[in-house]
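Some notes on the structure that comes next.
What follows draws every value from the coordinates through simple rules; no lab data is involved. Small disclaimer: the values here were computed from a predicted structure and weren't measured. As a convention, Cβ positions derive from the backbone with ideal geometry for all residues, glycine included, and neighbour counts pool all protein chains shown.
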Amino acid sequence: MPQIYHDRSPINNAEHITSPLLVLQGGQDRVVPQAQAEMIVESVKKRGTRCEYFLSVARTCSCADPAASPRRVMGPCPRRWRHADQRRFRQAANMRASIGGQMDFFNDVFGIKRD
């Protein structure tokens, strides 16, 4: 691997992330695999920086204990989803959940009060 790729890789610079971070991950993303996104999330959280992680998934899920999962799955219940999105959220349910999660994150981070 060329040194420039190593030097510019977010995972190799995660210790410099000090602002709140929102990670939106498509479960079928081929460019940024889920494991890489989760490494960033873990690294940022480990240092005490706020980090929210939203994952578009295509799997069945018991949803019995959401606290046991390190990630927050978008939407009311992943059982209703048939396919995960890739780099861009294209399914309506994933778009709505993504936008809602972004709004909640920004409102909280910037102290915006919604009526």
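Worth a mention:
- ³J(HN,Hα) computed for each position of the stretch 34-41 - Karplus, 6.51 cos²θ - 1.76 cosθ + 1.60, integer Hz, glycine/proline x: 3, 4, 5, 4, 5, 5, 4, 4
- Label-point gap, in nm, between residue 30 and residue 92 - each point 7 angstrom along Cα→Cβ: 2.8
- Gyration tensor verdict on the stretch 1-46 (Cα atoms; rounded if a/c is under 1.5, prolate if a/b is larger than b/c, oblate otherwise): oblate
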